[in-house]
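Asker: Have a look at this one.
The values are calculated or read from the model by the stated rules, or taken from the named source; none is laboratory data. Computed from a predicted model, the values in this text were never measured in an experiment. Glycine gets a Cβ as well: all are built from the backbone with ideal geometry, and neighbour counts include every protein chain shown.
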Amino acid sequence: MSAARLLVRAVLVTDGRTRHLPATFHALEAQEVAPDILHIVTIGDIDLPEIPARLRATVSRSDATTYSAAVDEVLAEHRPLPHEYLWLLHDDTAPLPNTLGTLSATARKRARAGVIGAAHVRWDDPNRLVNLGTTVSRVGARRITLVEEDDVNQGQYHERDDVLAVSIGAALVRRDVWEHLGGLDPAYEGFGDSTDFCRRAWRAGHDVVIVPAARVRHAQDGLYGRRESSARGRRSTYIARRTSEWYHALAWSPPWAMALLILWACVSAPLRVLGRIAQNEPRLALDDIAVPWQVMRRSRHVKESRASIARTSTVKPQVVRPLLASMRTIVDHVRARELGAYEQRRAYRMPTDVVRAELAAVAGQRRRAFALVAFMATAASVVVFGRLIPGLVSGLMPTSPALGATQLSTSELWTRAWTGWSEAGFGVPALDGTFAALMLPLSMLPGGLPVGIGLLLALSVVWATLAAWAAAGAATRSVWARGAIALTYGLWPLFLESVTQGRVGAVIAHIVLPLFFLGVARAVGWQRGEIIGDGEEHPARRVGSPSAGLGAAIALATVSVAAPVLLAPLVLVSLVAGVFAGKHRWRAWTTALPALVLAGPALMAWLGAGPGTAGSWWILARENGPALSVGEFDEWRLALGTASAQPLAGGSWAAFATVGVGVVVLVLAAVSLASRRGAWAIASGWVIAAIGWATAVVSGSMVVVWADSAGAPSAHGWPGAGSSLMAVGLLGAVAVATHRTGVTPSGQPLTGMQVFRARAVLVAGASVTALALTGHVAAVAWPTSHVAANRVTMVSPHVLPLVASLEQEVRSSQRVLVLSHDDGGTVWFSVLARDGSEGVSGRAHVDSRGVPLAHSGEASAASRTFQLVDTVAELATSGTEVSEFLAAWGIGVIVVPVDSPAIQSALQQIPELTLMGASDLGISWRVSRPGQDVPVSRAWFVSSDGAATVLPMVGASIDQQVTSSQPGAVVVAETADDRWVATLDGEPLQRVNDVLGRNVFALPAGSGHLDVAYRDPEYRLWWWLGVVAVAWSLLGAIPVQSQRHREEDA
């Protein structure tokens, strides 16, 4: 112990940007042991508050840019005194009365101590600890506090003494140590410099001691960004703090590890960004991106910092190693921080035992109701669509006139989504590949896409009912009303008709649509609380969830891809919801962003066609997936949830049963208006229903799929998607009216007669609804139901005869021309690139002129369609010279149904065709290449002497080693498009004009690696933007707790 008297020189530096300076002055005045000398240094010209008279302070002005430089200016003007210590004060630190005396006593006991720090406590609560020493990881890139923030100080840390580092604020530092070490390192820019200084003190042979009994109130204005008037709190300094941690690692690491540390800073940043996105912290994600750049910016000072460490170090690094944090310490720190934050939230939200008992009883009732609803939905699915299950088990494929063939592999769907080229007909650039991407998860199930679509359709009632159950819970907590609403939505008439006809897009939209509204409600805190006691809601105040908002964004993106006609109405819903969402408005508004990005190409095409023109609106109402021409319908029937034109007067009981569901829902929604419960929510439900009805009417009266070169006819829009939106609005209004039926709209308990009337209305409504749903299910399942037209059936995966489908799978990848006729003798045709027509990979979309929407300024495909029409006419009349056109476009097989003798007779008379075989699936003829014994193919090389060589084509690309002694041309029998590119050993090949409108490239003599592919930069840009938007939303939808309430530097 040293008996020498200490001389304490206190230095207080202020820049005037804190409101805590007067309190700091009073805290210094109240010290039981006053400093011997007090210097107050002002940075720049500021007005100091009144200094207490007892404080004999010397005030000076400084232009220093750092705290350390201001202290050095004071020391430069005063020579060192014996046993002199510096008490370094910040203007937002207020030491408690015994602080200096306790620190001085420790200094006298610990002669080797160069830095003696105090315990920092909350400014407004001295019993809550903020800092009681700091350490760093072995690498140095993670700073760890040695006490949990806001931990209650009960004396449990009073035995702590030696630590790696303390806060310099209100610490006692020997003047000779300060001057020997050169003060604080300015490269840290105010964060982490205390840790660096203390670590250098250890390496210089001095101890660093923490004194828990000495406490300092610390407002942490710099940490929380208050000096810069930032509203972000401690987030505003995250970049500076995180950069300082990495700088500390660079300054103290071995020389060989510096490059690795910079590399790791760059590599770890994207990983942290993913975590920030999952926490719905986009600003911190941007901050994490900026950190590596800031580290590299500061790295120019690393040489000076390392030189300072080397110059002042007198002991080996092993002396400090025991004070560094081990991996176990780091794990314990992170776990304690996370669990501590969880326990804080849990304690804050924990209800009383009575409330918990009531919630447990309600939860049990809810589980029982859910089980009953799920069972009833499953039973309804089995009754209505159970016929599909045996076919799926047998390996059959679901198909319908709308659905087409579903035997598509994951790689085929990926190629369609990635390349942006559709193989429909003679090939056409696709507007987008989102529908194919939507089918990818279904194709990954065991059994592939047929099983995925089969389960989607067969259990569609279950999926829709469960989604509606979840969404209805946000509007009402009455489990029986919730169950009735869910079943009604799951058995909505037009939805069942969509399922029956295989309209996959409308089915997916109907299933996912309730989840969008659920996400929006939970994002802004509009969901209902559980009913307990005398009608109170728990919790009384609902908190919005940013994760739910991004979940709603995923739902909206899914719906807009499956049914683009709903994009505009749902974006409008998001915008209006944001207007009324208060501080959560951006959560509602941003739900539309992923959907708008995915629809970007369509929106560009719409703008290019001229917004507001008669020929542009169909672009927004297009159908991406399977489509089928819609017959006539009445607008009033759409209001009842059906599009059937079957007459009611004198009609079958099935017609009345189908309309009955819509009548009951409309009546209950009208009664809801008179309930005076949640008037604004009910009115909003009616507005949404009106928008949905208008959408159904407009889309049903508009051509949304135009005829293409493959022979597919035009089709009007399907009103099912709009009807689903109408159902959500009407049923949502009913749900709102059934919430808290045990109290009046003003919140007063119901009297005896009021309770009876309320229950009578609920029982009557439930009974009528159950009767209507039962009749509706029976009507749909009845064998003679009108819904059975164009329904999904289970067939063999092979739609074409085996000999025809094999020609599509070999190197030549031939197209197949399918001919058929109707009762009037009209011959119909379709061109198939695969085994059957398919719409599940998404439509390419052309306008009424045959021009692809993807590149509206390019040539039309109508000329090829007319040529094919003429060729089909020649075939049907036994014409000759048809093989040249067919072979030129890669059509190598013609298939005719077995019940078309007239067409068969005509084909038999054409010498250029060779009969391949016959089966129940049709009769096949082979098309020969004129003048050559080379099979027809979709891509080939033709030399200068006319000899053809087949080039294997996979999807929209050719990857082949070629050798030719003569120059020639590579012919790709796809619609000419400048985005088809060909290279030989990386050198681009020159495009040759082709009179037939194909892609032809000049190929020189010699050998090399030929690469031909379709590459659309614009499409790829939108593709990547969509991936980023969807990935961001998926990560953000993960319910990871945000760190707004706790330290962000871990």
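Asker: Could you tell me whether any residue of region 100-117 is of a type outside the set (Phe, Trp, Tyr) and free of Cβ contacts under 8 Å to residues at least 40 places away in the same chain?
Answerer: So far as region 100-117 goes, yes, one or more of its residues are of a type outside the set (Phe, Trp, Tyr) and free of Cβ contacts under 8 Å to residues at least 40 places away in the same chain.
Asker: Further question on the same structure: For the condition of a type outside the set (Val, Ile, Thr) and either in contact with a Gly (Cβ under 9 Å, 6 or more places away or on another chain) or assigned to a strand (DSSP E or B) (or both), what is the one hit in ALA94, ALA53, ALA70?
Answerer: None of the other options fit; the residue is ALA94.
Asker: Going by what's in this entry, would GLY549 be described as assigned by TED's automatic domain parsing to the domain that holds SER723, over 23 Å from VAL665 (Cα atoms), outside any loop (DSSP other than H, G, I, E, B) and in contact with a Gly (Cβ under 7 Å, 6 or more places away or on another chain)?
Answerer: So GLY549 passes the test.
Asker: So which residues in region 24-50 are assigned to a loop (DSSP other than H, G, I, E, B), more than 21 Å from ALA214 (Cβ to Cβ) and more than 53 Å from the chain's Cα centre (by Cα)? Break it down stepwise before answering.
Answerer: Pass one, region 24-50, residues assigned to a loop (DSSP other than H, G, I, E, B): 30-36, 44-50.
Filter again for more than 21 Å from ALA214 (Cβ to Cβ), leaving 44-50.
Across region 24-50, the qualifying residue is only GLU50.
Asker: Another question about this same structure. Quick one: in region 180-190, of everything that is within 20 Å of LEU323 (Cβ to Cβ) and hydrophobic (A, V, I, L, M, F, W, C), which residue is farthest from the chain's Cα centre (by Cα)?
Answerer: LEU181
Asker: Give region 475-534 a look and list any residue that's charged (D, E, K, R), closer than 29 Å to THR352 by Cα and not in a helix (DSSP H, G or I), or say none. Full working, then the answer.
Answerer: So the first thing to find is which residues in region 475-534 are charged (D, E, K, R), and the list is 477, 482, 497, 503, 522, 528, 530, 534.
Narrowing further to those that are closer than 29 Å to THR352 by Cα: 477, 482, 522, 528, 530, 534.
The answer is ARG477, ARG528, GLU530, ASP534.
Asker: Among the residues that make up region 462-476, is at least one of them of a type outside the set (S, T, N, Q), at pLDDT below 90, touching a Ser or Thr at 6+ places or on another chain (Cβ under 6 Å) and not assigned by TED's automatic domain parsing to the domain that holds VAL818?
Answerer: no
Asker: Give me the residue from region 928-952 that is assigned to a loop (DSSP other than H, G, I, E, B), of a type outside the set (S, T, N, Q) and within 47 Å of the chain's Cα centre (by Cα) and, out of that set, surrounded by the fewest Cβ atoms within 10 Å (Cβ to Cβ).
Answerer: Initially, region 928-952 is screened for residues assigned to a loop (DSSP other than H, G, I, E, B), giving 928-938, 944-947, 951-952.
Next, from what is left, pick out any that are of a type outside the set (S, T, N, Q): 929-931, 933-936, 938, 945-947, 951-952.
This time we only want the ones that are within 47 Å of the chain's Cα centre (by Cα), so: 936, 938, 951-952.
On the way: VAL936: 27, ARG938: 26, LEU951: 22, PRO952: 14.
Across region 928-952, the extreme among qualifying residues is PRO952.
Asker: Which one of PRO626, PRO601, PRO594 is in contact with an Asp or Glu (Cβ under 7 Å, 6 or more places away or on another chain) and either buried (at least 23 other Cβ atoms within 10 Å of the Cβ) or outside the structural domain of LEU413 (by TED's automatic domain parsing) (or both)?
Answerer: Answer to the selection: PRO601.
Asker: Given region 974-1020, what strands (runs of 3 or more DSSP E) lie entirely inside it while holding 2 or more residues that are modelled with pLDDT under 90 and either outside the structural domain of ARG416 (by TED's automatic domain parsing) or within 22 Å of PRO852 (Cα to Cα) (or both)?
Answerer: Qualifying strands (runs of 3 or more DSSP E): 1006-1014.
Asker: Still on this structure: Before we move on, is VAL139 touching an Asp or Glu at 6+ places or on another chain (Cβ under 8 Å) and in the same structural domain as LEU75 (by TED's automatic domain parsing)? Reasoning before the result, please.
Answerer: Details: touching an Asp or Glu at 6+ places or on another chain (Cβ under 8 Å): no; in the same structural domain as LEU75 (by TED's automatic domain parsing): yes.
Spelling it out, it is not the case that VAL139 is touching an Asp or Glu at 6+ places or on another chain (Cβ under 8 Å) and in the same structural domain as LEU75 (by TED's automatic domain parsing).
Asker: While we're on this one: Is it the case that TRP925 is over 49 Å from the mean Cα position of the chain (by Cα) and of a type in the set (Phe, Trp, Tyr)?
Answerer: Answer is yes for this residue.
Asker: From the list GLU623, GLU536, exactly one residue is among the acidic types (Asp, Glu) and either closer than 23 Å to LEU440 by Cβ or touching a helix residue (DSSP H, G or I) at 6+ places or on another chain (Cβ under 7 Å) (or both). Which is it?
Answerer: So the residue among GLU623, GLU536 that is among the acidic types (Asp, Glu) and either closer than 23 Å to LEU440 by Cβ or touching a helix residue (DSSP H, G or I) at 6+ places or on another chain (Cβ under 7 Å) (or both) is GLU623.
Asker: Condition (residue is of a type in the set (S, T, N, Q) and either in a helix (DSSP H, G or I) or not assigned by TED's automatic domain parsing to the domain that holds VAL319 (or both)) applied to region 273-288: is it met by at least one residue?
Answerer: No - not one qualifying residue is present in region 273-288.
Asker: Across region 199-222, which residue is farthest from TRP246 (Cα to Cα) among those that are within 45 Å of the chain's Cα centre (by Cα) and not acidic (Asp, Glu)? I'd like the intermediate steps shown before the answer.
Answerer: From region 199-222, those within 45 Å of the chain's Cα centre (by Cα) are 199, 217-222; that's our starting set.
Narrowing further to those that are not acidic (Asp, Glu): 199, 217-220, 222.
Details: ARG199: 15, ARG217: 28, HIS218: 25, ALA219: 26, GLN220: 22, GLY222: 19 Å.
For region 199-222, the residue satisfying everything is ARG217.
Asker: Oh, and also: Taking region 4-23 only, how many residues are more than 24 Å from ARG175 (Cβ to Cβ) and part of a loop (DSSP other than H, G, I, E, B)?
Answerer: Here is the first cut: in region 4-23, the ones more than 24 Å from ARG175 (Cβ to Cβ) are 16-23.
Cutting the leftovers down to part of a loop (DSSP other than H, G, I, E, B) gives us 16-20.
The number of residues fulfilling the criteria is 5.
Asker: If GLY190 passes every condition in (1) surrounded by fewer than 22 Cβ atoms within 10 Å (Cβ to Cβ); (2) more than 18 Å from VAL136 (Cα to Cα) but one, which one does it miss?
Answerer: Failing condition for GLY190: (2).
Asker: So which of VAL147, VAL136 ends up being without any contact (Cβ under 8 Å) to a residue 24 or more places away in the chain, within 28 Å of HIS333 (Cα to Cα) and either part of a loop (DSSP other than H, G, I, E, B) or in contact with a helix residue (DSSP H, G or I) (Cβ under 7 Å, 6 or more places away or on another chain) (or both)?
Answerer: Working: VAL136 fails: without any contact (Cβ under 8 Å) to a residue 24 or more places away in the chain.
So the residue among VAL147, VAL136 that is without any contact (Cβ under 8 Å) to a residue 24 or more places away in the chain, within 28 Å of HIS333 (Cα to Cα) and either part of a loop (DSSP other than H, G, I, E, B) or in contact with a helix residue (DSSP H, G or I) (Cβ under 7 Å, 6 or more places away or on another chain) (or both) is VAL147.
Asker: Now for a separate question. So if I check each of TYR1019, TYR1014, which one is of a type outside the set (D, E, K, R), more than 20 Å from GLN960 (Cβ to Cβ) and surrounded by 16 or more Cβ atoms within 10 Å (Cβ to Cβ)?
Answerer: Sole residue among the options that is of a type outside the set (D, E, K, R), more than 20 Å from GLN960 (Cβ to Cβ) and surrounded by 16 or more Cβ atoms within 10 Å (Cβ to Cβ): TYR1019.
Asker: From the list VAL59, VAL74, VAL8, pick out the single residue that is of a type in the set (A, V, I, L, M, F, W, C) and surrounded by fewer than 17 Cβ atoms within 10 Å (Cβ to Cβ).
Answerer: VAL59
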